[in-house]
Every structure is written in C-alpha cells, then in structure tokens.
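Colleague: My questions all concern the structure below.
The values are calculated or read from the model by the stated rules, or taken from the named source; none is laboratory data. Owing to the predicted nature of the structure, the values given are computational and were not obtained by experimental measurement. Note that we place each Cβ from the backbone using ideal geometry, even for glycine, and neighbour counts take in every protein chain shown.
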Amino acid sequence: MSPRDNTWLRLARFFVGDRTGKIIMQFLGRKKKVTLNQQNELYGHCLQFYCQPPLENISLNEFEGFAVDRLKLLKTVENLGVSYVKTSEEYKTKLHTEFSNLGFPHKVGADESSSNKNQAGSTEYEKRRKDHISHFILRLAYCQTEDLRRWFIQQEMDLFRYRFSELKSQYKTDFLHKNNLKYDTISDEEKTNLKDQLINSSFSVSGTTVAEQDFYKVPFQDALDLVRTRKVFLKAGYAYIPHQDIVTIVLNDFRTRLSKALALTARSLPAVQSDERLQPLLNHLSHAYVGQDYSIQKNVGKVSLEQIDQLSAKSFPLCMRQLHKALRENHHLRHGGRMQYGLFLKGIGLTLDQALQFWRSEFVKGKVDTDKFDKAYAYSIRHMFGKEGKRTDYTPYSCMKVILSNPPSQGDYHGCPFRHSDPELLKQKLQSYKLSPGGIVQILDLVKGMHYQLACQKYFELTHNIDDAGFSLNHPNQYFIESQKFLGGGKEVKKEAEIPQKGQENTASNVPSVPPSRQRTTTQAVDDMGDLDSYFLDE
Amino acid sequence: MLTTDYDPACLPDLLPLYYRRLFPYSQYFRWLSYGGVSKNYFQNREFSFTLKDDIYVRYQSFSTQSDLEKEMQKMNPYKIDIGAVYSHRPSQHNTVKSGTFQALEKELVFDIDMTDYDDVRSCCSAADICSKCWTLMTIAIRILDRALREDFGFHHLLWVYSGRRGVHCWVCDEAARKLSVAARSAVAEYLSLVKGGEETVKKVVLSDPIHPFISQSLHVVEHYFPQYALVEQDLLGSKASVDKVLSLLPEDILYELLNTYQTEKNPVKRWEHLRSAAHQKRTTSKKGAQYFDKEIMLQYCYPRLDVNVSKGVNHLLKSPFSVHPKTGRISVPIDLKNLDKFDPFEVPTISLICEELDKPLANEEEDIKDKENETEPGERRRIRDYKQTSLAKYVKLFDHFLDAMGRSRKGEMLKKSDLQKEF
C-alpha cells in the first residue's frame, strides 16, 4: 500500500502547472499535518469551485472508478440537456437520481450529515472527495484538444448551474463568501429610478421584490446567457442582474477559471503522459464516449443518383426528406441546407463526383447556370469532402447539432422538423405522408414535451411499421442505416453482435450516445467555411 | 443635371478612374488604423478582393496607405471586403505554423438584407427594392442604432448602404472590436425577434413581461406602421394579404374579424378592429400573454438580421466605398440625422461620379486654381477631385464619424494619464 507501489498514483504531481498546486505542495513538504485541515476546509461546502487540486495519493482502481463515474454523470448532463428544459422538474429529478446512483454529493448543506451514511453507502465526505478528485482527473483527460475542452467545460457548467441553483439561499451566500466572490450592487436610488425596467426585464422580479433584493451591475459580457435570452435589463453596456439570477455571473466566473485551468493542465501533460499506466486510461476516457460519427463509409459509391428520390421517401429522416423536397422544388438550398443535406448525402455514400453532379444538375434547373455553379458552389462541395481549404474531412451533422445549432431563418429548410416547424404544419406534413392519426398524435405529444429525437424515432417506427425501432436515434445517418438494414435485411438488425468483423459501424450505431469531440471539430471548421460561402453569395 | 445610366459592361473602364482619383484612401486608412493605438492593427487586417469574372482573392494585407493604394490601383477590384485583424499579416498566412494564424479582432457588424423580408413585402421581391419597402431598412436602423447605443453602450456606429438592397452596420468601439464569438452571438440574439424558417408561420411570439428592449422597438415600429404597412403595403387590403395576417391570430378572433371585415373595407379601420380585439382579449383572458397585434407588427416590420454575419470574428463584409458591381452604386455612409430622407436611388453610381470629374467646373476661379494645382502631389488633387463629385457629402459624413472617434480616443487617453498623475 505504499505510494511507490505500481498501483498507486500521486495526484499532486499532475497539477504542478497549476500554481496553487505548486504552492501547496511545497507547503506540504514542510508541514504534513496541514493536510487534514486543508481537506476539511476543501470539503466544507457541498459545492466547490475546484480551485485547489487534490494532493493525496490514490489507487489506480479508485482513479479509474472515479473517472468513469464522473464521465457517466457528464454524459447524463449532456443527454438530459437535449431532451429537457434545464429548469424543468423532470430535468432536475433525473439528474438528482443520477447523482445518488453514482454517489456524488447532492443537496446537502455545508454542515449537515457529514458523517451520515446514505443509501449508496458512502459518507458525505467521501462523496465530496469523489466530486473533487474525479473533476480533476477528467481535466487531465479533457485538456488535450480544443474540442475536448469545449465539451468538458460545457458539461461541467451545466452541472454546476444545476447544483448551484439547487442550493438554499443561505448556502449560496455561504458559497460566494467561501470563494471570495464579490460583485457590485446598485444603490437604492438607482433601483428606484430603474424600477419599471427591472421589473419588465426578468420573470422573477416584481414590484415588491425590487426593493428587497440586491441587483448586481456587471459588464454585459459577463452575463451572456441572460443577454442572449433577453432575461436581464441592459443599460449602457451593463447588465443589471437580480440576486435570483446570480448563478449566471458565478457561472461566468466558473467558466473563465476552468478554461484557464485547463490550459495550464495541458502544459503539464508531458508529466502525465510519461506515466505509461495512465496514458491508455486517459485516452480511453476522452474517447470512451465518442460514438460513431458516420464519416467513414464502407459503402461509398453504392448509392446511385437515380435512387435518391426513392430513398428520400423510404429511408431518409424527415429533416432530409424535407431538404430533398425543397431542393427539387426550388432548385436551390441556402447555405445551412446545403451543409446539412450535403454532408448527410456524403455520409450515405455519395462520392465527390456524384455530389457535384447531383447539386449541379439541380441548381442549373433554377437561376444558376453551370458557370456560376462551378464558380460559386462547386468549391463548397469539394470543401465538404475535404478537398479545399483546410482539407478537413467534414462529418455529417448529428441530431444534437441539427437541433441546437444554427436554427433556420427566412428562406431556410434545414434544421429538425420536429423542433423547428409549427406543430400545425408538421401535422399537415405527416398527414400528407399518410401517417395514422393516432401516430400523429403520439408524435405531436413528444414534440410538445420537447423530445424531438424520440418523435423522430416514432416517425421511423410508424413509417417502417414496427412497434419498437430497437435503437436509440441520435444521428440522421443512423436513421438511414437502420432503415436500410430493416428494409433490406429484415432481422439482421438483431444479429449484429455475431458479426464483429463488419466492424465498428454496426455496433457503434447502437451506442446510445453522441460523439462530443469530432462534431465540435465540424462546427468550428464549418463556420470558417460559412464565411467563404457567404462571401460568394453576398449580393 | 447628369443623366448617366450605369452599365455593368463599363465597370472595367470606370474602376481605374475611381481608384486613381476618387477613392478616399486617407480616411479609409485613418479609420482602420484606429489611431495607431494597437500595433499593426492596419497591417494585420484582412482585405479580400473580388476581381473580374468572380475571381476572388482572400488574405490580402497592406503595410501602408500607399501600399494599399498601389495594390488597389493595380488590381482594380470589382468589390472589396474587409475581414478580421489577425495575429499575423494575412498575406503571410501560409508561412506561419497552422493554428497560430488566428482572427483576433473585428468590428461588430450587422448585415440586413431586403431579401429576408420577402414574405412580408408586397411591392417587390428578391433583389428588387423600391422607396416603399426601403422603410423597412429605416425601421431596422432606428431600432438597432438605439439598442446598440443605449442598451450596449456603444458610440461609434457606422451605417452604410450596401449598394443594392440592404444596409450594414460597423460598430467600431474598442470594446466591440474585442468581443468574443460568444458575446457577438449573444448580442445578435438579443437583437433578433423574428425566428423560424419556411416551416414556421408565426415568427414572433411575445411573452410577459415585455422586455424594455422590445417596448422600445415597438415604439419605433408603431411610428412607421400605419403609413408603411396599412397604406403603402396595403396589408389589410387584398384578400391574400388579409388571410396571411389573419393566419397569425387565435381562432376565435379570426372568425370575429372575418365577420367584421365583410363590411369594413378601410384598412386603417380594419387594423383598429384587430387592435381592439387584441386589447379586449388581453384584459379578459387569464391565460398568459395576448399580444398578437404587437406580434403582427413585429413580424412585418422588425429588422431581420443575418446572425451568422455578426457572429464570426473572421466573417467578411463588403467594405464602405466599395462599388456594387451590379448597380454601380457606391457603398456610402448613411446620415442618421437625415435617415428618413435617405433614398437609395439617389446614391451616386460610379458612372455618375466619374462623369462629374470630367465636367468643366462651373466656377471659373476654381478652374484657374485647378490649373495652378496641376503639379500638386496626387493626394491633394484627389481631395479636390472627389469634392467635385456627388461623393463629397458622403466622404464628409465619413470624416465626421472619424473625428468623433478621434475625439473620444483622445478623451480616453487624457483620462488615463490623469489617473496616472493621481499617484
């Protein structure tokens, strides 16, 4: 059980890049007894800002167990965020359950029950320790690339938002105090002057509460989430935030610190990577949940252009069917539509030449002649196939990306029909596709509850005449593959475990998770490309 | 009075003249140098040229004003776009290690294009505009200009006519130029009210409480709505148009109004009926907000932003004083003091101003001066040249804008040095 044992790790040495860590280490060198107080201080509140890295020694087993559990937690956070409104009761309940199951600290005050055993069998102290250490382990795994960092920060922020907003008011204040977070408040006079505006800017503020609660005045850049959703009063570049929404600024701080810390951690990575016990584990962690991205196709060239019309009715998800129809009708699609549909087609196996031919033949029926097409559009299609610019081989969009990013605006047909259509229009469309009235009601109910992917899966079941699709839908290309499997091979769907030589593709498509990392690459790169594209089309 | 019509075929002949004798280089350079406060701000700026036959050249950059002049006079670009300030000189972007060449700063920009209003204007469609629908741009400028100044605290906003069917806004404050991508998209989303694509009928939905920004925007829309929408666009006149408006209403109101409209044909009165129906519903209904009259006004008049243009730091936007190759009109600054009088059809074309150059000066005295000055260096001659054309008043506007920015920069510097003295 000695720290030199091959199954033990000295966590402290991984965070030498973190200045606080360094100081504490030196400090510890001289006075070992401080550790306990240090730790008690560290775990004095059920929520923390993760300012100080863990310095203890921990077994490899525990290391791995902690990491995997936190990853599961973050994964849940990501999935719930897509399916539910983050403030809804359902979201909170489900996340709460996950917390208890995985043994993370939850809803407990600073001084309560620190020694009480709970159902999961671990004490509050153990849970807080697990929260602390597991967070830092994932920093190691997720600091390596921009995409991993972005994903990690996003999930940790959602996690933190949830935990902070669940705290009772007293513990919130306590937390701010403990972490030395101070924000400027406005005077009573200013409050009186701005009373009407403050009331009308936030759902949570009323005439009586204006006087009672504090308002914080911060540069609008520090409260972007509130600005974006117009849930805060803005004046001369400052956001006036009611105490109730203080989580926004705290979260902004959290993001800033975490982002800096990850950059620092990345610098000390060589130390981590030199440990051959850890290297595979960390790599595994950062890739464990990277599912199929539908970029590598074994059936390239297996689809002919003549088949597309037919396939679009039989095996395309509704979003692609809608885009295909719009393209055939208008002989044009705007940028967002070309990206979403073009990459999907690439994913089902169109070659570059086929894609060029496909888009050209359709566009020239409209206002674009061959010459203009070759100048203004062909480039972006070659770009999609990684033949221009940065030569990134772009991956098709996942449901999550389609639902969350770049919503359609005037003249656009892209997006998720379940998310971005008026229910009435969606209903009409489903009726025109001859879905049963009962089925349509089921779909519309799912849409109402914001379960867009489930609604799409129901659409799959109804159009394929099966009771249970037997997979969890998270990618338009997965929809296509599953549909083709169903239509072509009948029961083959259930047998995939027996044919591992068919490779990643089949099995991975059944993993109910969405790849976080590679898709972010796509987002970034696509934005670059958007520039170029709009450059061509600007007037 | 000159009656020159623009002919795109003449562009190759006109551009050299424009770039040699008329383009306001010194103001342009002054603008993009921003007082020389940050090192290499102009030098690391990306320009991009569109040449004949839609050949475009990205990542151009220039070390000095005369460098820029020479290159523009050599290439004679059909169109000029401005991009971001990068970490390195864009012209050398291939020589630096990939990943280190990064877009650092750019003005916060907005692009409003009339084509995005096609579902709500009856007068024209696509690239066409007329004085009727131009009111939409006026409304857009009023709403966004107010919000960017009062809500976001920006001061230096340059509004520019795009040359064809829209307007651009360049927010040039230092704070705006330094905004992150996330902050830009948050600002753009704060300013966006009309949401949804072809699969959405009702594109504006209001809920309680109505945010001060929306109330302020509604003030602007309400000012223009009766004349613009009811009279000029005849929103409640033709059957097709009425049906479209009514499709945005709850069913009970819809039937009630259909009934009333059988006998009431006057569009203004029809609108009054709609408003009072909304008002009544609002006072009697218990369930949530009932603002469909306001929602209709916003759906038909509220500015429609191309959010993607505003989001990206590295997104290119057509430069002020660039020519629009299709219309020949110059991208000129818009005078907000006379916004309601701005007429896009009065904006000079390149053929007009080039012809004005050749026109003998009316005033003989100036003619003599002109001869005396023939030996002067190019710069001063160019100043006199553009002053002789209809471009003059727009360059003057640009000068005013730059002066204001210069003054506030000076003020900032004084404040800083005062602070230092205190210690």
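Colleague: Being loosely packed, with under 15 Cβ neighbours inside 10 Å, under 25 Å from the mean Cα position of the chain (by Cα) and closer than 22 Å to B:Ser162 by Cα is true for just one of B:Leu32, B:Leu51. Which residue is that?
Modeller: The match here is B:Leu51.
Colleague: Kindly evaluate A:Arg230 against the criterion of being loosely packed, with under 15 Cβ neighbours inside 10 Å and of a type in the set (Lys, Arg).
Modeller: Answer is no for this residue.
Colleague: Okay, next question. Which condition number in (1) in a helix (DSSP H, G or I); (2) more than 14 Å from chain B (Cβ to nearest Cβ); (3) more than 27 Å from A:Ser88 (Cα to Cα); (4) free of Cβ contacts under 8 Å to residues at least 60 places away in the same chain is the one that A:Phe460 fails?
Modeller: Result: A:Phe460 fails condition (4) only.
Colleague: Also: Filter the range A:362-384 for residues that are within 23 Å of A:Pro476 (Cβ to Cβ) and of a type outside the set (D, E, K, R) and give the result.
Modeller: Listed by number, the residues that qualify are A:Phe363, A:Tyr377, A:Ser380, A:Ile381, A:His383, A:Met384.
Colleague: Residues B:Leu148, B:Leu144: which one is crowded, with 21+ Cβ neighbours inside 10 Å, at negative phi and away from chain A (no Cβ under 12 Å)?
Modeller: B:Leu144
Colleague: Of everything in the range B:283-324 that's in a helix (DSSP H, G or I) and without any contact (Cβ under 8 Å) to a residue 24 or more places away in the chain, which residue is farthest from the other protein chains (Cβ to nearest Cβ)?
Modeller: Checking each candidate, the answer is B:Thr284.
Colleague: Considering each of A:Tyr413, A:Tyr397, A:Tyr433 in turn, give the residue that is at pLDDT 90 or above, buried (at least 19 other Cβ atoms within 10 Å of the Cβ) and over 20 Å from the mean Cα position of the chain (by Cα).
Modeller: A:Tyr413
Colleague: Take the conditions within 27 Å of A:Leu430 (Cβ to Cβ) and either of a type in the set (Ser, Thr, Tyr) or at pLDDT below 75 (or both) and apply them to A:Ser315. Does it pass?
Modeller: Yes, satisfied.
Colleague: Could you grab me the full set of residues in the range A:226-245 that are at pLDDT 90 or above and either over 23 Å from B:Leu206 (Cα atoms) or of a type in the set (Asp, Glu) (or both)?
Modeller: Passing the criteria: A:Ala236, A:Gly237, A:Tyr238.
Colleague: If you don't mind, there's one more thing I want to ask. Please go through the range B:78-137 and give me each residue that is in a loop (DSSP other than H, G, I, E, B) and either among the hydroxyl-bearing types (Ser, Thr, Tyr) or at positive phi (or both), ordered by number.
Modeller: Hits for the range B:78-137 are B:Tyr78, B:Ser87, B:Thr95, B:Ser98, B:Gly99, B:Thr100, B:Ser122, B:Ser125, B:Ala126.
Colleague: Let me ask you something else. Does the range B:178-222 hold any residues that are among the basic types (Lys, Arg), touching a residue at least 24 places away in the same chain (Cβ under 8 Å) and either facing chain A (nearest Cβ under 8 Å) or surrounded by fewer than 19 Cβ atoms within 10 Å (Cβ to Cβ) (or both), and which are they?
Modeller: B:Lys178, B:Lys202
Colleague: If you scan the range A:391-426, which residues turn out to be more than 12 Å from every other protein chain (Cβ to nearest Cβ) and outside any loop (DSSP other than H, G, I, E, B)?
Modeller: A:Cys399, A:Met400, A:Lys401, A:Val402, A:Ile403, A:Leu404
Colleague: I would also like to ask the following. Considering every residue within the range A:525-532, establish whether at least one is outside any helix (DSSP H, G or I), at pLDDT below 50 and surrounded by fewer than 19 Cβ atoms within 10 Å (Cβ to Cβ).
Modeller: Among the residues of the range A:525-532, not one is outside any helix (DSSP H, G or I), at pLDDT below 50 and surrounded by fewer than 19 Cβ atoms within 10 Å (Cβ to Cβ), which makes the answer no.
Colleague: Using the structure shown, decide if B:Thr95 is within 14 Å of another protein chain (Cβ to nearest Cβ) and at pLDDT below 95.
Modeller: For B:Thr95, the condition - within 14 Å of another protein chain (Cβ to nearest Cβ) and at pLDDT below 95 - is not met.
Colleague: Hey, another quick one. Return yes or no: is A:Asp309 farther than 28 Å from A:Asp445 by Cα, more than 11 Å from chain B (Cβ to nearest Cβ), touching a Gly at 6+ places or on another chain (Cβ under 6 Å) and in contact (Cβ under 8 Å) with a residue 12 or more places away in the chain?
Modeller: Taking the combined requirement at face value, the residue does not satisfy it.
Colleague: Next question, about the same structure. What are the pairs with Cβ atoms under 6 angstrom where one residue, in the range A:48-68, is in contact (Cβ under 8 Å) with a residue 12 or more places away in the chain and the other, located anywhere, is in a strand (DSSP E or B)? Sequence gap at least six, or different chains.
Modeller: If the second residue must be in a strand (DSSP E or B), the pairs left are A:Asn57/A:Trp8; A:Asn57/A:Arg10; A:Ile58/A:Leu9; A:Ser59/A:Trp8; A:Phe63/A:Leu9.
Colleague: Still on this structure, I have one more. What is the residue count in the range A:171-207 for residues that are away from chain B (no Cβ under 14 Å) and farther than 25 Å from A:Ser88 by Cβ?
Modeller: 19
Colleague: I need the full set of residues from the range B:151-177 which are in a strand (DSSP E or B) and within 14 Å of another protein chain (Cβ to nearest Cβ), in order please.
Modeller: The answer is B:Leu157, B:Val160, B:Tyr161, B:Gly166, B:Val167, B:His168, B:Val171.
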